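The values are calculated or read from the model by the stated rules, or taken from the named source; none is laboratory data. The structure displayed is predicted, hence computed values, not measured ones. Virtual Cβ from ideal backbone geometry, glycine too; neighbours counted across all protein chains shown. We work out accessible area using only protein heavy atoms, side chains counted, and drop any ligands, DNA or RNA first. Shrake-Rupley method; radii C 1.70, N 1.55, O 1.52, S 1.80 Å.
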Amino acid sequence: MSNNELSSNETNWNEKGISYMNEQNYEEAAKAFNAAIEENPKDATAFINFGNLLGAVNDYERALIFFDKAIELDEHAATAYYGAGTIYFKQDQFEEAAKMFKQALVEKLEEADVFFMLGMSYYQLGALPHALANFKRAVELNKSDVDARFQYGLTLAQLEQVEDAVVELEEVVKLAPEHADAHFNLGVAYAYQENLTKALQAFEEALRIQPDHALAANGRKTVSEALQ
């Protein structure tokens, strides 16, 4: 449906805009969200949606302006804080990202994605115990989230909680058998536990999936020499 077919008495512009966004018809989505703002300039929702749209097309500076406006209109708009957090994260501004994700949680947006992104922000800042706690909560809320479980396992390993890391990484490869990095990190964990046969198998599996995985190749070489 073209923008010309949107009759003036149809006022759910936000839904129309989201539908256009899902179709990646960003120009029509922008028109719809703009119409929503013109119709109700004090409603934060359209500003949030427009911010999400701008983020999708990598217009980060303008996206933050729209999220800021949404927060100005409604300081409890949890999704505005989450949206701003994602923009800051994409721009490698991890401290600002963490602040926004934490505020989204304060405003009761207690969803797996928020905990995951807060965990990723802490991970990038080197605050591994904080990252671990948030990845754990993300996994609890969405047990099939491969990315969250992988990061949880990786962080456990980096904090030398290797036995727990193995449990999580083994679950990752059950959920996603072609996850080369999970197999590689399992190999490292098995080697740490001196289970060299399983380590070799994990490195070989990583290389089967991704033949140019240099770290896995190095791991296989090291473990093979140790076994000989």
*Sort through Val173, Val139, Val162, Val167 and tell me the only one that's over 21 Å from Asn218 (Cβ atoms), without any contact (Cβ under 8 Å) to a residue 60 or more places away in the chain, open to solvent by less than 70 Å² (accessible area, probe 1.4 Å) and of a type in the set (Val, Ile, Thr).*
Val139
_Scope the stretch 89-116; condition among the acidic types (Asp, Glu), part of a helix (DSSP H, G or I) and either open to solvent by less than 30 Å² (accessible area, probe 1.4 Å) or under 16 Å from Leu64 (Cβ atoms) (or both); matching residues_ = Glu95, Glu96
*Is one or more of the residues making up the stretch 145-165 part of a loop (DSSP other than H, G, I, E, B) and at positive phi?*
yes
*Would you mind finding the one in Phe67, Phe94, Phe101 that is of a type outside the set (S, T, N, Q), touching a residue at least 24 places away in the same chain (Cβ under 8 Å) and touching a helix residue (DSSP H, G or I) at 6+ places or on another chain (Cβ under 6 Å)?*
Phe94
